Structures are given as structure tokens and as C-alpha cells.
Amino acid sequence: MSLSADLLWLIPALPLIAAVVGACAPRGAFKLAAAAAIAALTGALLLSCGALATALAAPAAKLASNFTWFDLGHGAVRLGWLIDPLTALMCVMVTFVGLLIFVFSTGYMRDDARAKQFFCFLSLFAAAMLGVIVANSLLLLFVCWELVGLASYLLIGFWFQKPEAAAAAKKAFVTTRIGDLGLLLGLLWLQDSAGTLLLYDGGKGLLEPAVLAGLGGSTAIGLLLFCGAVGKSGQFPLHVWLPDAMEGPTPVSALIHAATMVAAGVFLMARVFPLLTPDALTVIAFTGAVTALIGALIACAQNDLKRILAFSTVSQLGYMMLAIGVGSWVAAIFHLLTHAFFKALLFLGAGSVIHAAHHEQDIRQLGGLRGPMRVTFATFAIGMMALAGVPFLFSGFWSKEAILHATHAWGVSQLPLYTGLAAVVLTAFYMTRLVAETFLGAPRSEPAAHAHESPAVMTVPLALLAACAILLSLLAWPSPWLQLLLDPSAAANDHADGVGLMALSIALVALGLGAGWAMYGRKPREKSMSADPLAARAPRVFAFLAARMKFDELYAATFGRAAYALAVFADALDRHGWDGAVRLLARLGRFTGLVNREADEDGLNAGFDATSESLRKTGRAYSRAQTGDAHGYLLMIAFGFVVLVFAVLFGGAR
């Protein structure tokens, strides 16, 4: 089965229709909304498999279907859909992982009063992400990009009655908008420079040689586009929103951190990779390296089950950006694909634990869950080993190695490589700590003591994701299959000289696992309030990392205070400046009105009234003289005649 580019719009359209069905369904129609969401994503998965078949048949082809949205002046705004191997693989990943999360959610959210709205928002989220993937226009991509932000806001703040959830949703929305502003400026610059935002358009698209050769300002444009990825994919320094997103229901965390929102930034950078200059790539590489190390360090000192996984996501996203920065976007996409499966597995496994332990998610209060939750433990352990990079069975090992080898081959600097290797040790350490604290030892609280295995609707998706976390090793580096599929021009890269680096990486994984086991697994803590072994060895460092390196406090003390001071200044300017000027103008208006009134009343009106009164008096006098008596009139005529005769006589005599 294949799918033409003309029908590619059906992939995001199906979950969008499911979102409309969920929105229009009656308040308590949980089953209808869930069934519509699952059916729509199943259909989208089948269509995505058809798109993958089309891409596999012609991996080098860029099958685009463009159309005119509306005419604008002398030109037209054109949008389009694109089928290529990158689009097809991402669509299959998002729909498959999303489908398993949807199924898991039917068990996890069954008792929630607003479960119907939850599936409506999930469908909207999936539709927006699929729209980002299939877009052949950066304008359409940006529209769907913003819909992803809206859906994440709705889902993170789904339990809005909790102040923490409402604050987390607002924080995520505002923080990602900062990055999106840079992305919007980059798109405007691109439109001005190239005259189009279509990626492929018969030789006239942004990513085609004729346009790329004449594009100016590529470094600045690339960095502006990267700003959008920094926000969405939780890169330093805009990573602070991502751990707080844990306030949403656990399936939301799995969807955001595995298949959708955070993947959008990495996908964008891979999609526009030809636009990125060496200078822009250097910035991306160092940003990714710093993010990978910061996320891993902070994860070592967290006690919330989901926040450990959240900072792990920050770290792994840093790895992906590092791979793009060193020029290996294929390695970044490989790690994105493997990470989507094992991170969805870990988050859903965490959801299974939270569900069984009556919403307890502090690892200090858990423990002893290996016995009553065997399926969850086994699948969670597979996800943990895939994330930690345990060789050679797990896909995470191969995708991580691809990134490290590409970084080793980068000729600009070896500092990102050392940072990546440090994150390897830390990843193995904090994941061992997480598993040991959650599943080993004896229960340290009543919820943990009464925990039980989750129902099959929740454990079956875990088993399928665990199988995929292993089977994706078939795509593994150094097999050239994925490289040949995604980027045939770079398939000749040979990393055979990296055996020593692989051995070093394996040794570092073993070191991290061993240190984690020695501190937490060999002798699990017996009481929930007993001191953390790492905190006992380095209390100040542990407290600093537990406080997330105080980034939130730093931002509050700098940008927060600056924003507050600016708001106070704006308020004072409004009250005493602009408002004072308005009041002055109002008083001036009243004064000029008073002068105008006085001039009108005492000048024009008084003069007109005096003239009118004089005329009235003259008229009255004249009217009094007109008595109507004929004798009087004749007497006056006679008198006048006499006067006239005398005047003539005396005048003539002179």
C-alpha cells in the first residue's frame, strides 16, 4: 500500500476530526471520545505506513503537493504537503507511540470526570504534531507548531484546579513563546530573502540548490530558527518549563516528552539542515552539549519519579541537538526515534507505578514494587537499560553511539565530546538510582505496600514499547540502512576507527551502573526519611542540583525583576507621564473651551444682542409713530410741504 502526496493531509486530518468529535460529544461521553481518538490514530498509522512505503520506493525523491491558499497582492500564499523518508518515519513513530499512549490513557484516566475533554485535547495534540511533520511549507509548519503549543497548554494544565498545574501550563506556554518569536522572525527573514516558504517547489523551494545558493544571512536565519527549537525542545537556557510540565497527567508527559512536542524542535532542525551554516551549527552543537550535561546532573538529585525522567528528556534532547550541530542529523533522528519508544515506555511505566501506588510519585516513599508489579518492573527495566545505553541489545546504545562517533569526528572542538561522555556516566547512574529506589528493597509507605499490578490495558502498551526498544536495534548504527534512507549523500562516512570510543563509552556506562548500584541497589534505604547516599557524600552539591541549579531563582532574580521593574516603570509612566499629559491636555481643552465660551458669550453674543436690542428699540419707536390716524398724517404732510416751500424760496433767493 502506498500513499500519494495529494492525500497526505488525511494523516493529521483524522485526529483533528476526532478532536472535533470529542469537543462536540456530551459531557460524560468518555467512551465515545476515546474510541474516536483511538480509531482516528489507528487510521493515521495505516496511512503513515502507506507514506513510508511510498518513501521506501523512492528514498531520494521529494514528493510534494503544493496548492494556493489565497492570493495576496501580486503574489499568492502557497502551502503544501511533503513525502520523504524523514516525514514517513516520523509519522509512523508519532502515530504508533501516540496510539499506545491513547490506549494506556483509557485505563489511566477512566475515573477522571473530564476524561472526555482529555481525549479531545490528546487528539488535537496529535493532529498538530502530524501537521508539523507533513508540512512542505514553513508557514504551515509554524501554524501547526503554534497549535502544538496550545494543545500542550491545555494538557499540562488539564488539572487546572491545582495551582501548580495552572502555573506549569502558563510557564510552558510563555517560555516556548520566547523561542517562537525568534522562529517567526526567521521565517519573515526567509520570506523576504527567498520570496517563498515552500521547502520543495520544482527547483524554486528553500531547500533546493537554486535558492540555497543565493540565500543571504543564512547564519542569522539559522540561529533564529534554532530559537524556536530551543523553546520547544527544552534546550538551555529555555529548558526550565519542561520539568514543570510533569504537573499534567502522566500520559501527557509521555506524549510531550517522547513523541510530540519536544521532538518538534529536533525535527525542525533536521528538516532545515541545509540552511544551517557552519557557524550556526557550532552554536547548536555547544548548546546541545551544555543541555545534555545540565539535564543529567540535575536528574541525579531529583526525588520525583516523573521529574527524573523529565530532566532525562532534557539531557537526551541535548544529545540530539549535539548530533545536528556536529553535522549528523541522521544520528539525531535515529536517537529521536529510539528515544521516543523507550522514553514513552518509561513515562507510561511511571504512570503504572503512580496509578498502583495511589498517586504517590516520590521515590523516597516507594520501594518494594518489583514483586507486586512484575510486568511494570520488567518493562521499566528494559526502558532504563535502553536509556542508559547498555550494550548491545538495546536501541538506545546504538543511537547514542552514533552521536558520540559523529561528535568525535567533528573537527571544530572535542569539548562537546567530553561533555557527552560525562553525560553517559550520569545517565547510567541516575537511572540505576531511579530503578533501585522505586522497585527494590522494602515498601517505605502505605501506598507502596498496597500497590498492585496495573490492568492489561496499561501493561500491554508497556510490553509493546519494550519490544520496540529492543527491535529498533535493527536500525542500528553502523548499519548504513537508515543513513542510506535518510541522507544517501553522507552514507560513505566510516566510523570503523571508533572501536576505542565505543569501548570507552561501554566502560563509562558500566561505571555509572556500578556507582548507582553501589549507592542505591546493593543496600536499599529502609526508611523514607533516611538520608540519600549521594546527599550524605556531597550535601551542598546535592542540594544545589536538587534545586535545579537554581535556574528558576536566577531567572526570577534577573529577568523576573527586570520585567517587574519595567512593569512598574510602565505603570508610573502611564499614571504620571502619559496620564498626566492626557490630564494636561484635558485641562488645556477645558481652558480653551472657557475662553471660547466667554468670547462667544461676552463678545459675539453680547455685541449681537446689543445691536439687536438697538434695532428693536428703533423699530419700537418707529412703530409707535405709526398710529394709523389719517388727520395726523395729513398734518405732517402739510407741515413737510411748508418746510419744503420755505427751503426752495430761501434757497433760490440766495
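So here's what we get for this one:
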{"read-out": "Kirkwood estimate for the stretch 572-627, i.e. one over the average of 1/r between Cα atoms, Å", "value": "14.7 Å"}
{"read-out": "Fully extended contour minus Cα-Cα distance, from residue 359 to residue 621, at 0.36 nm per residue", "value": "83.7 nm"}
{"read-out": "Directionally averaged shadow of the chain, computed from the convex hull of its alpha-carbon atoms, nm²", "value": "52.5 nm²"}
{"read-out": "Where the Cα pairs of the stretch 598-654 fall when distances are cut into 10 Å bins, in %", "value": "19, 22, 21, 19, 14, 5, 0"}
{"read-out": "Accessible-area value, residue 16, 1.4 Å probe, nucleic acids and ligands omitted, Å²", "value": "80 Å²"}
{"read-out": "Sites residue 629 and residue 608, calculated FRET efficiency, Cβ-Cβ separation with R0 25 Å, nearest 0.05", "value": "0.10"}
{"read-out": "Label-reachable residues, the stretch 255-294, where backbone N falls under 16 Å from a point 7 Å from residue 413's Cα toward its Cβ", "value": "278-294"}
{"read-out": "Separation in nanometres of the label points that stand 7 Å from Cα toward Cβ, at residue 53 and residue 590", "value": "8.1 nm"}
{"read-out": "The stretch 580-654, accessible surface, carbon-and-sulfur percent (1.4 angstrom probe)", "value": "70 percent"}
{"read-out": "Helix axis angle, 395-409 relative to the chain longest principal axis, alpha carbon, degrees", "value": "70 degrees"}
{"read-out": "Exposure rank, largest accessible area first [541, 77, 353; 1.4 Å]", "value": "541, 77, 353"}
{"read-out": "Accessible surface ranking that places the most exposed of 257, 631 first, with a 1.4 angstrom probe", "value": "631, 257"}
{"read-out": "Accessible-area value, residue 450, 1.4 Å probe, nucleic acids and ligands omitted, Å²", "value": "110 Å²"}
{"read-out": "Acute angle (nearest 10 degrees) that the helix 163-194 long axis makes with the longest principal axis of the chain, alpha-carbon atoms", "value": "80 degrees"}
{"read-out": "Helix-only mean residue ellipticity at 222 nm for the chain, each DSSP H run of n ≥ 4 adding -39500 (n - 2.57), per residue, nearest 500", "value": "-22500 deg cm²/dmol"}
{"read-out": "Exposure rank, largest accessible area first [81, 9; 1.4 Å]", "value": "9, 81"}
{"read-out": "Under 27 Å from the Cα of residue 232 - lysines, other chains or at least 8 residues apart", "value": "62, 116, 162, 170, 171, 306, 343, 400, 550"}
{"read-out": "Tilt relative to the chain, helix 374-388 - C-alpha long axis, 0 to 90 degrees, to 10", "value": "80 degrees"}
{"read-out": "Value of relative contact order over the chain, rounded to a whole percent, pairs C-alpha under 8 Å and six or more apart", "value": "11 percent"}
{"read-out": "Span from the the stretch 87-109 Cα centroid across to the the stretch 397-468 one, whole angstrom", "value": "20 Å"}
{"read-out": "Area of residue 598 that stays accessible when all protein chains are in place (1.4 Å probe, Å², to 10)", "value": "70 Å²"}
{"read-out": "Rotationally averaged projected area of the stretch 111-181 (alpha carbon convex hull; nm²)", "value": "5.0 nm²"}
{"read-out": "Mean-position separation - Cα centroids, the stretch 207-253 and the stretch 563-614, in angstrom", "value": "53 Å"}
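The values are calculated or read from the model by the stated rules, or taken from the named source; none is laboratory data. If you're wondering where the values come from, they're calculated on a predicted model, not measured in any experiment. Cβ: placed from backbone, ideal geometry, glycine included. Neighbour counts: every protein chain shown. Heads up: the accessible areas ignore ligands, DNA and RNA and are worked out on the full protein's heavy atoms, side chains in. Shrake-Rupley method; radii C 1.70, N 1.55, O 1.52, S 1.80 Å.
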